[in-house]
Amino acid sequence: MTQSHNPIHPAALMYAEEAKAGKLSRREFLTRTTALGVTASAAYGLLGMTAPAHAAGHAQQGGTMRMQMEVRALKDPRTYDWTQIAYFTAGWLEYLVEYNSDGSFEPMLLEGWEVNDDATQYTLNVRRGVMWNDGTEFTAEDVARNIEGWCDRTMEGNSMAGRFAVLIDESTDMAVEGGIEVVDSHTVRLNLPASDISLIAGMSDYPAAIVPAGFNPDTMLDNPVGTGPYMPESLEVGVKGVIVRNEGHDWWGYAAGKGAFLDRIEYIDYGQDPSAWVAAAAADEVDMTYETVGDFVDIFESIGWERSEVASGATIAIRPNQLAEVDGIRPYADKRVRQAIAMAVDNAVCLELGYSDLGEVARNQHVGPMHPAWADVPGLPYDPTKALELLTEAGMADFEMEITSIDDDWRKNTTDAVAAQLRDAGFNVKRTIIPGSTFWNDWTKYPFSSTNWNHRPLDTQILGLAYRSGEAWNESGFANAEFDALLAEANSIADADARREVMGKLQAIMSDEGVTIQPYWRSLYRHAKPGFVGWDMHIAYLPQIYKIGLAA
């Protein structure tokens, strides 16, 4: 159903009854219903509630905000692998759909959408009155061209291809013929060869930034054509990036009451050490953090800054790469080795030592209770004695495992906790710590390393991005035909309760194959000095910078 004027989707009425009966959480209800095309306000109305007010009524126009954040190099949005890049480009490169921390999806460059009953056809209604900042109109052709680019699997590092795999022809690695149909100047229809419930969620993720015709990532700073309210002023990687209001552009969001209150946003890079962030805050060099971690949550409050907190599906994966060769062998191709690694690690210890217990213990399945179709499937037991027996049986008891991580706070600490427990179990372990500027260049290729992963709304999304065979972000080298087939089946089942049986099989495979150590789910934090509104920490780090302003 559309986000604008169509009747409420019948499934939404059923979900509302389940939510009222306590069978669905509010976030899960909002994710399910708004993905179908129900507006957020209508979805809240089904619960007898009023949608939360936006910051617009509490912010003043103008001013500057300075955020502590890593300042990364730009590249094609389809290859964005860190949200910090999107925070800078979100000033002028916008999104079709927005995912909010309450679980709802809202239209941005789309006015709404319709999804048929079996999720094989999506009708996308393009927002009217949107202009590119070069004076040309934003139309359905722009939307279709971007989706076609998302389906280009031949482009190295294009993670959007994983989100739109259902639309890709396996023989050409491009969009299936007839899959993307321009109906008229403001309507695009996606005709899927198989059901897929995840496309709206995929459109809301940070690599899905909408780019203009002729876009070239090498010249995106020199010729920053986009639909958003800001323009880049300067970018010095590792130091500082600045975006400023584009005074000559009549942004569509002003009339829609979206905000874009600030005149200037500065992103300032203080490196990986949170103590440097605190020092910058105390010296009034910044106004808010990109995020706050571990023990520093309390420290920022001790200097009088305000806190925003959200429980999430964000996490860390400490994974062996099954394809990696070390000294002529593939040490992690043997399932017994991977199982041994998982059984030697107590995930609760990882949460305590790695993230100051600011979260919930997970089961190494990368699907959790915050996902609509999560199944209550046990993980492998913590059994360090059995772990060493398995390692010995595989002939790898003497093999030195080198575990690599970035040199920051919580990721380093969590990886240290894994390495220490493996050593305690009798494994031969070497720890290597690498500066972030070097680590991220080859993050998918290390034989054994840790990586942070963002929250995703749907249970199938992260499994497709990180564990489906051959995907750009598949850092574990996991390739399993049964898993891939089950994932496709799960993506075809719109109802989460019906999907849960298939999800249970997928989660069981994740555990049994020892694919990764995914030890905990994180609560996320951001701090700001008093006087700002609209800066709440986002459940998935999405760059909703247009909501931030100085308090009225």
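Residues TYR267, TYR95, ordered by accessible area of protein heavy atoms at a 1.4 angstrom probe radius and largest first, appear as TYR95, TYR267.
Modelled label positions at VAL237 and ALA333, each set 7 Å beyond Cα in the direction of Cβ, lie 3.4 nm from each other. Averaging Cα coordinates gives a centre for the stretch 40-104 and one for the stretch 172-199; these two points are 26 Å apart. Note on surface exposure: ASP118, ASP334 rank ASP118, ASP334 by accessible area, highest first, 1.4 Å probe.
Approximating the spin labels as points 7 Å out from Cα along Cα→Cβ, the SER171-to-ALA552 distance works out to 6.0 nm. One way to sum up the overall shape of the stretch 393-517 is the equivalent ellipsoid from its Cα gyration tensor, whose semi-axes run 30, 18, 13 Å, largest first.
With all protein chains in place and a 1.4 Å probe, the accessible surface of the stretch 184-332 carries 46 percent carbon and sulfur. Taking 7 Å steps out from each Cα toward its Cβ at TYR254 and LEU13 produces label points 4.3 nm apart. Hey, if you drop one equal point scatterer on each alpha-carbon of the stretch 295-407 and run the Debye formula without solvent, what base-10 log of I(q)/I(0) do you get at q = 0.12, 0.16, 0.17, 0.20 Å⁻¹? Summing over Cα pairs of the stretch 295-407 leads to -0.59, -0.91, -0.98, -1.19. Three principal axis extents describe the C-alpha atoms of the stretch 94-143; from largest down they are 38, 27, 12 Å. Span-like helix check, the chain: qualifying full DSSP H segments, with Cα axial length of 20 Å or more and mean Kyte-Doolittle of -0.5 or more, are 496-512.
Solvent-accessible surface of the chain, averaged per residue with a 1.4 angstrom probe and all protein chains in place: 36 square angstrom.
Computed from the mean reciprocal separation of all distinct C-alpha pairs, what Kirkwood hydrodynamic radius does the stretch 56-214 have, in Å?
Working: mean 1/r = 0.0598 Å⁻¹.
Result for the stretch 56-214 stands at 16.7 Å.
Among the lysines of the chain, pairs at least eight places apart or on separate chains and with Cα atoms under 17 Å apart come to 5. Note on the stretch 171-283: Cα convex hull, mean projected area over all directions, 12.0 nm².
For TRP453, the amide hydrogen comes within under 5 Å of the amide hydrogens of THR315, ILE316, ALA317, counting only partners 5 or more places away or on other chains and with H modelled in the peptide plane.
Please list 96-108, 136-148 highest first by mean number of surrounding beta-carbon atoms within 10 Å per residue.
Working: 96-108: 22.8, 136-148: 18.9.
Highest-to-lowest ranking by the protection proxy: 96-108, 136-148.
The residues packed around ARG431, meaning those with a beta-carbon under 12 Å from its beta-carbon, carry a net charge of -1 if Lys and Arg are +1 and Asp and Glu are -1. For the stretch 309-443, the dipole from Cβ point charges (+1 on Lys and Arg, -1 on Asp and Glu) about the Cα centre works out to 320 debye, to the nearest 20. Using every alpha carbon pair in the stretch 16-55, what percent of pairs falls into each 5 Å bin from 0 up to the bin containing the largest distance? Spelled out bin by bin, the stretch 16-55 gives 6, 27, 33, 24, 8, 2, 1 percent. The heavy atoms of SER492 offer some 50 square angstrom of accessible surface to a 1.4 angstrom probe.
Here the accessible area of the stretch 389-533 is 47 percent carbon and sulfur, with a 1.4 angstrom probe and all protein chains present. When the residues LEU235, LEU221, LEU93 are ordered by accessible surface, computed with a 1.4 Å probe over the protein chains alone, the sequence from largest down reads LEU221, LEU235, LEU93. The GluC sites (Glu not before Pro) of the stretch 428-520 include none that meets both conditions, a loop assignment by DSSP and at most 16 other Cβ atoms within 10 Å of the site Cβ.
Apply 1/(1 + (r/R0)^6) to the Cβ-Cβ distance of LYS20 and THR392, taking R0 = 56 Å, and write down the FRET efficiency to the nearest 0.05. After rounding, the FRET efficiency stands at 0.55. Using a Debye calculation, one point per C-alpha and no hydration shell, please list log10 I(q)/I(0) for the stretch 287-339 at q = 0.29, 0.31 Å⁻¹ in order. Listed by q, the Debye log ratios stand at -1.18, -1.24. Between ARG423 and MET155, residue separation times 0.36 nm minus the direct Cα-Cα distance comes to 92.4 nm. Over all Cα atoms in the chain, the spread is summed up by Rg and Dmax: 23.0, 69 Å.
What FRET efficiency, computed as 1/(1 + (r/R0)^6) with R0 = 30 Å and r the Cβ-Cβ distance, is obtained for GLN61 and MET131, rounded to the nearest 0.05?
Details: r = 21 Å, r/R0 = 0.69.
After rounding, the FRET efficiency stands at 0.90.
Rounded to the nearest 500, the helix-only mean residue ellipticity at 222 nm of the chain stands at -8000 deg cm²/dmol, with each DSSP H run of n ≥ 4 adding -39,500 (n - 2.57). Here the chain is assigned +1 on the Cβ of each Lys and Arg and -1 on the Cβ of each Asp and Glu. Its dipole about the Cα centre then comes out at about 740 debye.
The values are calculated or read from the model by the stated rules, or taken from the named source; none is laboratory data. No experiment lies behind these values; they were computed from the predicted model shown. Here Cβ is always computed from backbone atoms with ideal geometry, including for glycine, and neighbour counts include all displayed protein chains. Just so you know, the surface numbers come from the protein's heavy atoms only, side chains and all, with ligands and any DNA or RNA stripped out. Shrake-Rupley method; radii C 1.70, N 1.55, O 1.52, S 1.80 Å.
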